[in-house]
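All remarks here apply to the structure that follows.
The values are calculated or read from the model by the stated rules, or taken from the named source; none is laboratory data. Being a predicted model, the structure only gives us computed values, none of them experimental. Cβ: placed from backbone, ideal geometry, glycine included. Neighbour counts: every protein chain shown.
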Amino acid sequence: MIKISPSMLSADASRLGEGLEMLERCGADWAHIDVMDGVFVPNITIGQHVVKHLRPVSDIPFDVHLMIVNPIKHVPDFLDAGSDMITLHVETTEGVEDALQMIKDGGAKAGLSLNPGTPLQEILPYLDILDLVLVMSVQPGFGGQKFQEHCLDKISELSGIAQVRKIDLEISVDGGVNRETGRRSAEAGATVLAAGSSLFGAQDMAEEIKLWKGFATKVD
C-alpha cells in the first residue's frame with residue numbers, strides 16, 4: 001500500500017503540534033518535515049529545535065528533508081532531535097556518502113533527493129546505502145509550481161533499477177502532488193507520496209489519505 005507523508009510546511013505554523021496530531025489521527029504514515037536554510041533554497045523554515053519539541057507530541061515517523069548546504073554538519077542535531085528518516089540532496093555537498101553513513105550509524109533511515117533537473121544517474125552510486133530516494137517534481141523552495149511530468153520517467157526508471165538490483169527502496173515524490181499526479185506517480189513506481197496543500201487543504205484529510213492509499217502501484 002502507498003505510504004502518505006503530509007508536509008508540515010502546509011500546517012498552521014502557530015499550531016504545529018495540533019497539525020501533527022491531526023495527520024496521525026487521519027491515517028498518515030509519516031510526517032514530512034521540510035528544513036530550508038535560505039541558502040540552498042531561498043526560503044527559511046524550521047530547524048532541529050522545532051523537530052525536537054515536536055517529537056514528544058506523536059510517535060508518527062518523522063520524514064525530515066534537509067534542503068540545506070553542508071548537511072553533514074547538522075545531521076547529528078537532527079538525529080538527536082528524533083528524526084526517523086533524514087534525506088539529503090545530492091546537489092548540496094561533497095561527502096554525500098559520509099553524511100549518509102552518519103545517518104545510518106545514528107540509527108535513522110538514510111535518504112537522498114534530487115531536483116527535477118538532476119539526472120537520475122547522480123544518485124545511482126549511493127543506492128546500496130539508501131533506504132529512500134525522494135524525487136522532487138518541482139524545484140525546491142518555490143511555491144505554486146506545476147508538477148513536472150518528466151519526473152514520472154525518473155520514478156519508473158528508478159523503480160526498475162531497484163527491482164533488478166533487489167534493493168528494498170522507498171521511492172517518494174514531492175512537489176505538486178495531488179489526486180491525479182499522486183495516482184500517476186504510484187503507477188510509475190512511487191511508494192510514498194509527500195504532499196502539503198492537497199492534504200491539509202482537503203475538506204476531509206482522513207478520506208483524502210484513504211483515497212490516496214488505494215492508488216495502484218506499478219506492476220511489472
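Among T87, T92, which is the only one that is among the polar types (S, T, N, Q), under 24 Å from V138 (Cα atoms), modelled with pLDDT under 95 and buried (at least 19 other Cβ atoms within 10 Å of the Cβ)? Reasoning before the result, please.
Working: T87 fails: modelled with pLDDT under 95.
Just one listed residue meets the conditions, T92.
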Exercise. Can you name the residue in segment 52-84 that is out of contact with any Ser or Thr (no Cβ under 8 Å at 6 or more places or on another chain) and among the β-branched types (V, I, T) and is also surrounded by the fewest Cβ atoms within 10 Å (Cβ to Cβ) among such residues?
Worked result: V57
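Restricting to segment 183-203, name every residue that is without any contact (Cβ under 8 Å) to a residue 40 or more places away in the chain and of a type outside the set (A, V, I, L, M, F, W, C). Break it down into steps so the answer makes sense when it comes.
So in segment 183-203, the residues without any contact (Cβ under 8 Å) to a residue 40 or more places away in the chain come out as 183-184, 187-189, 198, 202-203.
Those that are without any contact (Cβ under 8 Å) to a residue 40 or more places away in the chain and of a type outside the set (A, V, I, L, M, F, W, C): R183, R184, E187, G189, S198, Q203.
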For this session: Exactly one condition in (1) surrounded by fewer than 18 Cβ atoms within 10 Å (Cβ to Cβ); (2) at pLDDT 95 or above is not met by V35; state its number.
Result: (1)
Exercise. Filtering segment 185-220 down to residues that are out of contact with any strand residue (DSSP E or B) (no Cβ under 8 Å at 6 or more places or on another chain) and of a type in the set (V, I, T), which residue is surrounded by the fewest Cβ atoms within 10 Å (Cβ to Cβ)?
Worked result: V219
Exercise. Of all residues in segment 147-181, how many are under 18 Å from P6 (Cα atoms), within 14 Å of the chain's Cα centre (by Cα) and free of Cβ contacts under 8 Å to residues at least 60 places away in the same chain?
Worked result: 5
